[in-house]
């Protein structure tokens with residue numbers, strides 16, 4: 001397709017590396033909302049699964065996929081023409097806001113607990129363990145792992161929307177209990193659990209460090225797990241840009 005044949009977009013939606021099943025369609029639908037019928041939305045995405053999922057969604061709702069053009073840094077621009085209004089958008093946005101996360105857990109073998117979440121299951125060890133080798137991570141380690149995964153994925157997605165790529169990204173976390181003897185029943189319960197969670201996110205990228213720090217601050221402010229822990233725990237988390 002020549003440059004003259006590229007559709008003119010009335011608005012742009014930056015999807016980054018988010019896939020359709022993780023909220024991208026809600027972002028796209030909201031970006032379509034202010035456009036008039038026949039308006040064109042350019043959707044920029046670096047997630048490979050969008051190549052199959054977005055056309056299928058367009059066929060289902062009646063929008064017209066005009067073009068899919070490869071861009072720089074493994075990104076693709078999808079030009080979609082709006083066919084009509086989306087009366088269910090408000091209700092679906094509210095349903096997302098009201099979504100209830102659920103897991104169930106039952107006793108497993110060898111003192112382990114098996115946790116079920118949607119179509120996934122995993123084993124968790126004791127609430128806290130001081131041993132160096134266990135059959136499964138402790139509940140406390142699972143909590144820290146969830147925080148780490150949330151922050152790494154959140155930073156990657158926000159950076160991807162700006163076209164930022166990482167040569168390396170890794171988060172190291174450590175936690176300190178207010179008093180480990182509380183769990184063992186050796187001292188009375190305290191008002192809080194973890195007294196502090198410290199961490200450093202190491203990233204290697206050609207992007208401007210100032211822009212990376214802005215992405216990091218946005219990631220921390222929007223992390224549901226970090227905001228939940230901040231209510232009772234001191235979080236000391238920083239971003240370290242490596243050359």
Hey, among 211, 171, which residue is in the same structural domain as residue 149 (by TED's automatic domain parsing), surrounded by 13 or more Cβ atoms within 10 Å (Cβ to Cβ) and out of contact with any helix residue (DSSP H, G or I) (no Cβ under 8 Å at 6 or more places or on another chain)?
211
Among the strands (runs of 3 or more DSSP E) confined wholly to the stretch 50-113, which include 2 or more residues that are more than 18 Å from residue 12 (Cα to Cα) and modelled with pLDDT of 95 or more?
104-107
Lone qualifier among 8, 44 - being farther than 30 Å from residue 206 by Cβ, in contact (Cβ under 8 Å) with a residue 12 or more places away in the chain and touching a strand residue (DSSP E or B) at 6+ places or on another chain (Cβ under 8 Å):
8
Does the stretch 118-133 hold any residues that are at pLDDT 85 or above and at negative phi, and which are they?
119, 120, 121, 122, 123, 124, 125, 126
Report whether or not residue 67 is in contact (Cβ under 8 Å) with a residue 60 or more places away in the chain, over 30 Å from residue 120 (Cβ atoms) and surrounded by 14 or more Cβ atoms within 10 Å (Cβ to Cβ).
yes
With respect to residue 155, determine if the residue is closer than 30 Å to residue 72 by Cβ and either touching a residue at least 12 places away in the same chain (Cβ under 8 Å) or not assigned by TED's automatic domain parsing to the domain that holds residue 225 (or both).
yes
Here is a check on your reading of the model: is residue 88 free of Cβ contacts under 8 Å to residues at least 12 places away in the same chain and on the phi < 0 side of the Ramachandran plot?
yes
Cβ-Cβ distance below 9 Å, separation of 6 or more or different chains: which pairs start in the stretch 224-243 with a residue that is part of a helix (DSSP H, G or I) and end on one that is modelled with pLDDT of 90 or more and exposed (fewer than 11 other Cβ atoms within 10 Å of the Cβ)?
227/221
Scan the stretch 184-219 residue by residue and report those that are in a loop (DSSP other than H, G, I, E, B), at pLDDT below 95 and in contact with a strand residue (DSSP E or B) (Cβ under 8 Å, 6 or more places away or on another chain).
193
Could you please give the count of residues in the stretch 118-136 that are under 26 Å from residue 102 (Cβ atoms) and surrounded by fewer than 10 Cβ atoms within 10 Å (Cβ to Cβ)?
3
Somewhere in the stretch 13-26, is a residue out of contact with any helix residue (DSSP H, G or I) (no Cβ under 7 Å at 6 or more places or on another chain), modelled with pLDDT of 95 or more and surrounded by fewer than 16 Cβ atoms within 10 Å (Cβ to Cβ)?
no
Of everything in the stretch 131-152, what is part of a loop (DSSP other than H, G, I, E, B) and without any contact (Cβ under 8 Å) to a residue 12 or more places away in the chain? Give them in sequence order.
131, 132, 133, 134
Across the stretch 47-58, what is the number of residues that are in contact (Cβ under 8 Å) with a residue 24 or more places away in the chain and surrounded by 16 or more Cβ atoms within 10 Å (Cβ to Cβ)?
5
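The values are calculated or read from the model by the stated rules, or taken from the named source; none is laboratory data. What you are looking at is a predicted structure, and each value in this text was computed from that prediction instead of being measured. In this analysis, Cβ positions are derived from the backbone assuming ideal geometry, glycine residues included, and neighbour counts consider all displayed protein chains.
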